[in-house]
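The values are calculated or read from the model by the stated rules, or taken from the named source; none is laboratory data. All values reported here derive from a predicted model rather than from experimental measurement. Here the Cβ positions follow ideal geometry from the backbone for every residue, glycine too, while neighbour counts run over all protein chains shown. Each accessible area value is taken on the protein alone, full model and side chains, heavy atoms only, with ligands, DNA and RNA left out. Shrake-Rupley method; radii C 1.70, N 1.55, O 1.52, S 1.80 Å.
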Amino acid sequence: MKIDYLFRKPKFPVICSIGDILITAKSEAEFQRRIDKVNLTPDMSYNIVDSTGEGWEFYTNKLYIIPALRRKWSKKRLIQTYNDSQNCQSAGITYSEKSLSSKRFEKVFADIVALVEQSQ
């Protein structure tokens with residue numbers, strides 16, 4: 001099934017948290033392909049963060065993505081989500097939470113996308 005977007009679309013690339021697994025995608029088509037390979041629980045919602053730090057929710061019952069009520073992700077939340085993921089455990093590489101004030105969100109996001117892609 002095709003994924004629909006309500007109101008507007010996220011800015012790709014995105015990181016989607018499905019349980020303790022993270023999935024990255026640089027385009028809508030890539031997101032669709034990667035989601036098709038994952039066993040999704042019916043009637044669940046999963047968190048997505050886009051490249052601007054905006055939060056989104058992916059609902060499996062009708063396969064649609066909407067902006068989340070919790071709008072912005074912090075650098076710390078993004079890092080903790082990665083460090084708690086199965087991707088991090090299998091790669092054995094954690095992302096440091098030190099010196100966050102000197103790093104821009106875009107840099108942290110790009111680093112984590114690269115780490116997740118290594119483990120996909």
When residues of segment 55-89 are filtered for being of a type in the set (D, E, K, R), more than 18 Å from Val116 (Cβ to Cβ) and within 15 Å of the chain's Cα centre (by Cα), how many remain?
-> 4
If we only count helices (runs of 4 or more DSSP H) wholly inside the chain, which ones have 3 or more residues that are open to solvent by less than 60 Å² (accessible area, probe 1.4 Å), of a type outside the set (Val, Ile, Thr) and free of Cβ contacts under 8 Å to residues at least 60 places away in the same chain?
-> 28-36, 75-83, 105-119
